[in-house]
Amino acid sequence: MPRHPKSTNGQKPINPKKRAFQTARKRESRGRIYLAIIAIAVIAIGVGWYVYSSAQGPPDFAIAAPTGVTIHAGNPVTSRVNVTAVNNFGGTIQLSVTSSTGLSASISPANVTGSGIATLTMSAAANGTYTMTVTGTSGALKHTVRPVVDTPVYATLDTTNGTIVVELYRAQTPQTVSNFVNLANQHFYDNLVWHRIIANFVIQTGDPNTKNGGGDRNTWGQGTSPQSVPFEYDSSLHNNVGYLAMASTVAGVGGSSQFYINVYDNRASLDGKYAVFGKVIAGMDAVNTLASSPTTNQYPNALNQPTNPSGAMVLNVTISNSP
């Protein structure tokens with residue numbers, strides 16, 4: 001029989017049928033590999049989604065309300081309750097509110113589906129501290145928030161320039177107000193100088209180093225009371241004209257005894273840095289007179305002092321439950 005001719009490289013030519021069979025086998029093998037890759041990817045995605053879903057938890061909801069609400073006896077006040085769906089929750093939440101004796105409270109709407117906003121309406125006939133519980137229920141899910149509702153405490157500041165009456169917001173800033181009230185009742189503020197006076201900004205007092213306008217005036221502004229309070233920032237209170245806030249050496253920390261009254265809308269520069277805790281409700285004329293007092297910068301460690309300290313003093317502070 002004749003021998004098969006050899007190719008130029010010395011190899012025998014491959015039979016066309018055999019080549020087609022080998023090509024088909026290779027394509028089949030690649031197809032199986034692709035299918036395996038796709039299957040692995042689908043499994044990985046499924047496992048990942050399961051892990052993600054498990055980590056996210058089941059559908060739920062959250063409710064949020066202010067931690068403190070200031071109310072004036074005889075005058076209704078409203079506040080918002082935020083309902084937020086969690087993990088694709090789409091159920092209907094029934095909202096209800098209960099309150100302590102003396103406080104009348106209602107919520108509307110009484111039902112929220114998914115996410116939404118409800119309005120609390122509260123009123124009290126008498127001054128006092130009240131408790132309130134807002135409850136959201138959907139099937140087996142139940143969440144509550146308990147805002148403190150409080151009427152203000154009032155302080156009367158007798159100064160060399162007239163009387164200033166302020167209301168103090170103990171609902172939003174309970175520790176700050178308690179500290180101020182305790183110091184006032186101990187006569188801590190008696191005969192202290194408004195040691196920092198800046199027109200179109202603030203007037204500031206509360207430093208025991210300024211007692212009776214004496215002592216080393218280079219140390220004015222550095223004195224404190226023995227006790228201090230944490231930084232009680234409430235986003236509903238702003239450094240607007242007439243509002244009181246705690247002074248401190250560093251923004252965003254608690255204070256001690258020093259406080260200031262805004263004589264300018266300073267919310268853009270001071271909000272979130274110093275805790276607002278009250279508001280002047282009578283006597284802004286006295287505040288403005290103090291703010292226009294002549295000042296001196298002759299003491300390099302304590303600028304913006306009144307030129308005549310005896311003419312810019314807090315004589316005494318008295319506390320009451322009504323203005």
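The values are calculated or read from the model by the stated rules, or taken from the named source; none is laboratory data. No experiment lies behind these values; they were computed from the predicted model shown. With ideal geometry, Cβ positions are generated from the backbone for all residues, glycine too; neighbour counts draw on all protein chains shown. Calculation scope for accessible area: heavy atoms of the full protein, side chains included, ligands and nucleic acids excluded. Shrake-Rupley method; radii C 1.70, N 1.55, O 1.52, S 1.80 Å.
Given the structure, is Val149 within 11 Å of Gly278 (Cα to Cα), part of a strand (DSSP E or B) and touching a strand residue (DSSP E or B) at 6+ places or on another chain (Cβ under 8 Å)?
no
If you check Ser269 against the conditions, is it outside any loop (DSSP other than H, G, I, E, B), farther than 13 Å from Trp194 by Cβ and among the small types (Gly, Ala, Ser)?
So Ser269 fits the description; yes.
Out of all the residues in the range 185-203, which are closer than 11 Å to Ser257 by Cβ and surrounded by 14 or more Cβ atoms within 10 Å (Cβ to Cβ)?
If the condition is that a residue be closer than 11 Å to Ser257 by Cβ and surrounded by 14 or more Cβ atoms within 10 Å (Cβ to Cβ), then Phe188, Tyr189, Leu192 are the ones that fit.
Taking the range 73-98 as the search range and keeping residues that are open to solvent by less than 30 Å² (accessible area, probe 1.4 Å) and among the small types (Gly, Ala, Ser), which one is nearest to Pro152 (Cα to Cα)?
Checked the range 73-98; the qualifying residue nearest to Pro152 (Cα to Cα) is Ser79.
Can you tell me which of (1) closer than 22 Å to Gln172 by Cβ; (2) over 27 Å from the mean Cα position of the chain (by Cα); (3) open to solvent by 70 Å² or more (accessible area, probe 1.4 Å) is the one Gln222 doesn't meet?
If we test Gln222 against (1) closer than 22 Å to Gln172 by Cβ; (2) over 27 Å from the mean Cα position of the chain (by Cα); (3) open to solvent by 70 Å² or more (accessible area, probe 1.4 Å), just (1) comes out false.
Mind checking which residues of the range 191-236 are assigned to a helix (DSSP H, G or I), of a type outside the set (S, T, N, Q) and without any contact (Cβ under 8 Å) to a residue 40 or more places away in the chain?
Listed by number, the list holds a single entry, Lys211.
Please tell me if Gly278 is in contact with a helix residue (DSSP H, G or I) (Cβ under 6 Å, 6 or more places away or on another chain) and open to solvent by less than 10 Å² (accessible area, probe 1.4 Å).
When the stated conditions are applied, Gly278 does not pass them.
Checking Ile93 against (1) in contact with a His (Cβ under 9 Å, 6 or more places away or on another chain); (2) farther than 22 Å from Pro58 by Cα, which test does it fail?
If we test Ile93 against (1) in contact with a His (Cβ under 9 Å, 6 or more places away or on another chain); (2) farther than 22 Å from Pro58 by Cα, just (2) comes out false.
Filter the range 230-254 down to the residues that are hydrophobic (A, V, I, L, M, F, W, C) and modelled with pLDDT under 95, then identify the one that is least open to solvent (accessible area, probe 1.4 Å).
Once the filter is applied, the top-ranked residue is Ala251.
Quick one: count up the residues across the range 115-146 that are in contact with a Gly (Cβ under 8 Å, 6 or more places away or on another chain), in a loop (DSSP other than H, G, I, E, B) and surrounded by 16 or more Cβ atoms within 10 Å (Cβ to Cβ).
1
Return the pair list, or none, for Cβ contacts closer than 8 Å from residues in the range 261-275 that are closer than 23 Å to Asp285 by Cβ to residues that are assigned to a helix (DSSP H, G or I), at least 6 apart or on different chains.
Partner pairs satisfying both residue conditions: Ile261/Val287; Asn262/Leu270; Val263/Val287; Val263/Asn288; Val263/Ala291.
Is the range 175-190 home to any residue that is over 30 Å from Thr307 (Cβ atoms), in a strand (DSSP E or B) and either touching a strand residue (DSSP E or B) at 6+ places or on another chain (Cβ under 9 Å) or of a type outside the set (Asp, Glu) (or both)?
Checking the range 175-190: not a single residue is over 30 Å from Thr307 (Cβ atoms), in a strand (DSSP E or B) and either touching a strand residue (DSSP E or B) at 6+ places or on another chain (Cβ under 9 Å) or of a type outside the set (Asp, Glu) (or both).
Any residue at all in the range 106-114 that's touching a Ser or Thr at 6+ places or on another chain (Cβ under 6 Å) and either open to solvent by less than 40 Å² (accessible area, probe 1.4 Å) or in contact (Cβ under 8 Å) with a residue 24 or more places away in the chain (or both)?
no
Scan the range 287-317 for residues that are at pLDDT below 95 and surrounded by 19 or more Cβ atoms within 10 Å (Cβ to Cβ) and report the count.
Summing the residues that are at pLDDT below 95 and surrounded by 19 or more Cβ atoms within 10 Å (Cβ to Cβ) in the range 287-317 gives 1.
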